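Just below is one structure, and these are the notes that go with it.
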Amino acid sequence: MATAKAQLARGVRDFDPEFVDRRKWLFSRLEAAFRRYGFLPLETPAIELNQTLQGAYGEEGDRLIFRILNSGQYLDALTDEDWSSAKSGQISRFTRLITEKALRYDLTVPFARYVSMNRGNITFPFKRYQMQPVWRADRPQRGRYREFYQCDADLIGSDCLSSEAQMVALYAEVLEQFGFSSACVRMSHRKLLHFMAEGLGLSAMARSFMVQLDKLDKTGKEQMSTFLTEQGVSQEAQSAWWTLIESKPSSLELLDLLRDFSAHTGVALPTSIVRDIETLFHYINALQVPVSFYRFDLSLARGLDYYTGFIFEVDSGIEGMGSIGGGGRYDNLTAAFGVEGLSGVGISFGVERILDLMIEKNMFADQATPAAEVLLATADPGLMEHLLTCAHDLRKHGINTDIFSGDPKPKKIFQYAEARYIPIVAMFKADPEHGVSISLKRISHSEQINVQPNELLKWLQGNNPWNTP
């Protein structure tokens, strides 16, 4: 058998035990927050049918779906015409012939599929959270991977804006707990984007306008201005529009700016949007979310096609990292599966980026998870049975116990304990009087004490002078 070079595919990572422990710590706090807000857990398969995912994410998103080749002799069913389509560059057509399934691109569309299939057994409004990996054939870069976890919370079956307000409050609560004091939820509204497109005379190409706007933070003002000019937008209209989107207004200032844009362009500002904005800000204030934690930003578009109302994106507050969460209102996501009239709102936490940032900024300094509460060790191979019996008894009483089975030199034993954050080492040694005695040493201090095997459990359960203030 040929020797293969050990390497990873691009865009994926191995995770060492310390990273996995930190991710579990993060997930446990996210799960607790979701539960506090009344969300219940859900899981869906890693594999979905192409027809479930195709078209849900827009043209750009569809290109990033990881498709799975059909199993069996799937090539035998292809005709000469099918092969010709591949050779002539009709890749999309050819791909549909040889792939029926794909890896999950996100958690929202599978959630919509689940709701559509199980609507007869669901009590609405339905609130679920989901924490599972997804896959995207994206270009790998810092904070962006081809396999990564998403953590979503969705509420479906209600159009009440209290749902959006609670999502903002949930973001605020969780990110404050994680130490992101400078994070900020940026908000916009898809109907406002259509209003701006109409004001610029771009109603017929609102989709293209939103795609360009969604790229503004990457392509810059000059390229956006060039796009608007090429579409025949006057300099006066552009100036009024730039004033609108470059501001980061409060609620009252936002409405004033929208009315000014309306006056400049002659396009009426829909009263329903004004009412929604005022209502949302009132609800967020009722939840006592700090004003510094959220703001309107009309340069926010979000590329996913299924958003229809308010949209959200969370800035980390750390330069160079960008978004660590996002979401929005979708009024008819389940329509693709034949179920009309189910409005919902959902958000996602970018846990991979959050983890990377917390590690990079040493925000986990006090969160190291011990591999065990005690490490049992001995330099005498004849005492290993005593260690195994003791370990069984300690584990039976709920004490996480590790047994050292490497080089029995004390230096190696304590290096092992320190690397795994195990706070106490119990060194077994032969005792002429009692048969076996144990030297207990706490890693963080120099103190050491001798105990008998029948006293070890009592000491580890906290009945010892080490726990005395």
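Structural remarks
- Taking the criterion of being within 21 Å of residue 262 (Cα to Cα) and touching a residue at least 40 places away in the same chain (Cβ under 8 Å), the residues of segment 173-200 that qualify are 187, 188, 189, 190, 191, 192, 193, 195, 196, 198, 199, 200.
- Search result, residues across segment 175-226 that are of a type in the set (S, T, N, Q) and touching a Gly at 6+ places or on another chain (Cβ under 6 Å): 182
- Residue 44 modelled with pLDDT of 85 or more, in a helix (DSSP H, G or I), of a type in the set (S, T, N, Q) and under 28 Å from residue 167 (Cα atoms): no
- Considering 355, 342, the condition of being surrounded by 16 or more Cβ atoms within 10 Å (Cβ to Cβ), in the same structural domain as residue 159 (by TED's automatic domain parsing), more than 29 Å from residue 125 (Cα to Cα) and among the aliphatic types (A, V, I, L, M) is satisfied by 355 alone.
- Screening the candidates 404, 414, 364 for the property of being closer than 30 Å to residue 178 by Cβ and surrounded by 14 or more Cβ atoms within 10 Å (Cβ to Cβ) yields one hit, 364.
- Residues located in segment 201-223, provided they are farther than 24 Å from residue 256 by Cα and surrounded by 12 or more Cβ atoms within 10 Å (Cβ to Cβ): 205, 207, 208, 211, 212, 215, 219, 223
- Filter result for residue 128 (at pLDDT 95 or above and under 15 Å from the mean Cα position of the chain (by Cα)): yes
- Selection count where residues are surrounded by fewer than 18 Cβ atoms within 10 Å (Cβ to Cβ) and under 36 Å from the mean Cα position of the chain (by Cα), scope segment 368-395: 6
- Failed criterion for residue 44 (all others in (1) more than 29 Å from residue 172 (Cα to Cα); (2) in contact with a Leu (Cβ under 9 Å, 6 or more places away or on another chain); (3) touching a residue at least 60 places away in the same chain (Cβ under 8 Å) hold): (1)
The values are calculated or read from the model by the stated rules, or taken from the named source; none is laboratory data. Everything numeric in this text was worked out from a predicted model, so none of it was measured. Quick reminder, even Gly has a Cβ in these numbers, built from the backbone with ideal geometry, and neighbours come from all protein chains shown.
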